[in-house]
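Nothing in this text is a laboratory measurement; each read-out follows from the coordinates by a stated rule. None of these values were measured; they are calculated from a predicted model. Glycine gets a Cβ as well: all are built from the backbone with ideal geometry, and neighbour counts include every protein chain shown.
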Amino acid sequence: MYNEIDLHQMNFDDALRVFITKYNSLYKKGERREIMVIHGYGSKFLDSTPVIRTKIREYFLRNKECVKMRLDINPGVTYVMPLKPLPLPKKKKR
């Protein structure tokens, strides 16, 4: 069975922060099983691009030393294998 992190109904900044927090918590507990990241098909579109799905996968690709990504036949899900803890993103200045 997989660990799950559900990112539905969030904007990308919140989704990323929730993902990293839960991912790091699982890693700290010694969990090394794949994590099913449920981001949905992309109901929040930007120029016809699913925002969370696209950006979270780009984030995984930029952090290959920390997380190994695998796609599923279901485009609303991405699987990740924890390799090491992820750094929290810097807060944006307002």
- Query: For the chain, with only Lys/Arg (+1) and Asp/Glu (-1) charged at the beta-carbon, what is the dipole magnitude about the Cα centre, in debye rounded to 20?
  - Reply: 560
- Message: I want to make sure I understand the PRE zone here: with the label point 7 angstrom from the Cα of LYS28 toward its beta carbon, which residues in the range 50-88 have backbone N atoms less than 20 Å away?
- Response: 66-67, 81-88
- Message: Using helices alone, I'd like the mean residue ellipticity at 222 nm for the chain: each DSSP H run of four-plus residues gives -39500 (n - 2.57), total over residue count, nearest 500.
- Response: -10000 deg cm²/dmol
- Classify the chain: rounded, prolate or oblate, from the alpha-carbon gyration tensor (a ≥ b ≥ c, eigenvalue square roots; a/c under 1.5 rounded; otherwise prolate if a/b is larger than b/c)? oblate
